[in-house]
Amino acid sequence: MCPVLVVIGIASVWLGAIAPASAYVKGGKPWPHGVIRYFNTDKAMRSEVAAAAAAWNHSGARVHFLATSRRKARVIIYPWPKHVSPSAGCDSQIDDGCATVGFVGWIGHEHYLAISANGKWRSTGAVYLKAPSPSHLRPAALMSVVATHELGHVLGLAHSTQCATMDAAVDDFCTIPNNDEHDKYICNPLQNDDARGAVALYGGRARTFSHQLCTYVGPPIAPIGLTATLINRDPTGGYLGDIQIRFTAPPGEKLYYPGETLDTVAGYAYTVNLNTCVKPDDSSYGGTETPKEEVVGTLFPSPDQAGSYCITVENEDVFSQHSLPAHVHITVPPLPSGSGSTG
């Protein structure tokens with residue numbers, strides 16, 4: 001996501017040095033007295049914008065986003081325009097938001113000068129947020145982080161150089177250092193580096209935040225239409241047979257990913273157990289699935305003996321989340337008297 005609108009003002013835009021042991025980047029002049037009055041016209045993003053403002057207001061920096069009337073506001077938040085000028089720095093294909101960067105200058109009494117996404121002059125700072133649509137799905141939790149990112153531009157931060165809310169790839173998979181969960185998204189509105197950047201602009205004492213990762217999606221649904229059939233039974237050879245399972249893989253959830261959608265369905269896990277149903281563990285992974293298509297697998301009675309078996313199957317997604325279990329029972333009859341040994 002870009003920082004983003006071309007910003008022109010009486011006060012020039014400046015780029016500060018990266019602080020030692022930090023990755024934040026100063027991208028604009030701080031607002032006078034640390035007060036940023038805003039008005040949100042984007043009703044679809046009302047709660048997300050409120051959460052974003054609260055995040056920065058509790059960062060420890062002496063800056064405050066203040067919701068006010070449109071007449072008094074110096075930053076206006078808009079829904080994403082239908083046509084975004086490429087020269088404005090917004091990419092409608094991959095960006096979730098656009099924003100002016102920092103305090104952009106005085107004109108008369110507390111007015112600011114910027115070029116908006118449609119190329120026209122505005123007297124206020126601006127934020128644009130892209131609402132969810134059938135072709136561009138965004139979980140609410142993700143959009144709260146995106147809104148926090150854009151308001152970070154408004155208060156004067158450019159893109160950071162590490163995984164943080166001000167990272168340009170905040171809506172992409174983000175790896176937290178020294179964390180073994182590399183396939184999730186950051187979910188707490190602010191990271192430590194973001195708070196340090198705000199304090200570098202406005203003073204104060206940065207709060208410390210724990211690293212949080214989330215999936216933004218619920219677990220997959222259970223296997224659809226699970227059945228079990230006894231196959232390859234060979235009484236003359238003393239073989240009880242194999243168990244063939246069939247089910248339909250779930251559709252999965254379409255999760256926004258820059259430039260495309262990511263299907264969350266990954267595979268399934270299973271157990272085959274005599275008499276009782278047992279939850280699968282990680283060692284019983286059954287392979288990959290194609291969403292909405294039939295899955296066929298061959299399982300083996302274990303131990304190799306006749307009896308009533310419960311087969312439990314759970315779907316798994318790319319975040320290692322398991323579905324509720326699906327169960328199917330099958331009876332493996334004993335071999336006829338006198339047939340070969342079962343071993």
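The values are calculated or read from the model by the stated rules, or taken from the named source; none is laboratory data. What you see is a predicted model, and the numbers here were worked out from it, not measured in a lab. As a convention, Cβ positions derive from the backbone with ideal geometry for all residues, glycine included, and neighbour counts pool all protein chains shown. Accessible surface areas use protein heavy atoms only, side chains included; no ligands, DNA or RNA. Shrake-Rupley method; radii C 1.70, N 1.55, O 1.52, S 1.80 Å.
One residue stands out among those in segment 272-299 that are assigned to a helix (DSSP H, G or I) and more than 26 Å from the chain's Cα centre (by Cα): the one that is surrounded by the fewest Cβ atoms within 10 Å (Cβ to Cβ), which is S283. Checking each residue of segment 265-284 against the condition of being small (G, A, S) and at pLDDT below 80 gives at least one match. In the condition set (1) at pLDDT below 90; (2) assigned to a strand (DSSP E or B); (3) exposed (fewer than 15 other Cβ atoms within 10 Å of the Cβ), S302 is compliant with all but (2).
Residues in segment 308-319 that are modelled with pLDDT of 80 or more and open to solvent by 20 Å² or more (accessible area, probe 1.4 Å) were compared, and the one that is nearest to the chain's Cα centre (by Cα) is E316. Residues that are closer than 14 Å to M143 by Cβ and open to solvent by 40 Å² or more (accessible area, probe 1.4 Å) were ranked within segment 41-68; the one that is modelled with the lowest pLDDT is A44. May I ask you to list the residues in segment 237-258 that are modelled with pLDDT under 90 and either open to solvent by 60 Å² or more (accessible area, probe 1.4 Å) or part of a strand (DSSP E or B) (or both)? Hits for segment 237-258 are E253, K254, L255, Y256, Y257. The residue that is farthest from V217 (Cα to Cα), counting only those in segment 320-331 that are in a loop (DSSP other than H, G, I, E, B) and open to solvent by 20 Å² or more (accessible area, probe 1.4 Å), is P325.
Annotation: D172 fulfils all but one of (1) modelled with pLDDT of 65 or more; (2) open to solvent by 20 Å² or more (accessible area, probe 1.4 Å); the unmet one is (1). Kindly evaluate W31 against the criterion of being of a type in the set (F, W, Y), at pLDDT below 95 and open to solvent by 40 Å² or more (accessible area, probe 1.4 Å). So W31 fails the test. Between L324, L262, the distinction of being among the aliphatic types (A, V, I, L, M), out of contact with any Ser or Thr (no Cβ under 6 Å at 6 or more places or on another chain) and modelled with pLDDT under 90 belongs to L262 only. Could you go through segment 212-226 and let me know if any residue there is among the aromatic types (F, W, Y) and farther than 19 Å from Q321 by Cβ. No: segment 212-226 contains no residue that is among the aromatic types (F, W, Y) and farther than 19 Å from Q321 by Cβ. Only one entry of L190, L142, L151, L201 meets the criterion of being part of a loop (DSSP other than H, G, I, E, B) and modelled with pLDDT of 55 or more, and that entry is L190. Could you say whether any residue in segment 21-28 is in a strand (DSSP E or B), more than 14 Å from V127 (Cα to Cα) and modelled with pLDDT of 95 or more? No - not one qualifying residue is present in segment 21-28.
Per the conditions (1) within 30 Å of P336 (Cβ to Cβ); (2) touching a Ser or Thr at 6+ places or on another chain (Cβ under 8 Å), the sole criterion not satisfied by P301 is (2).
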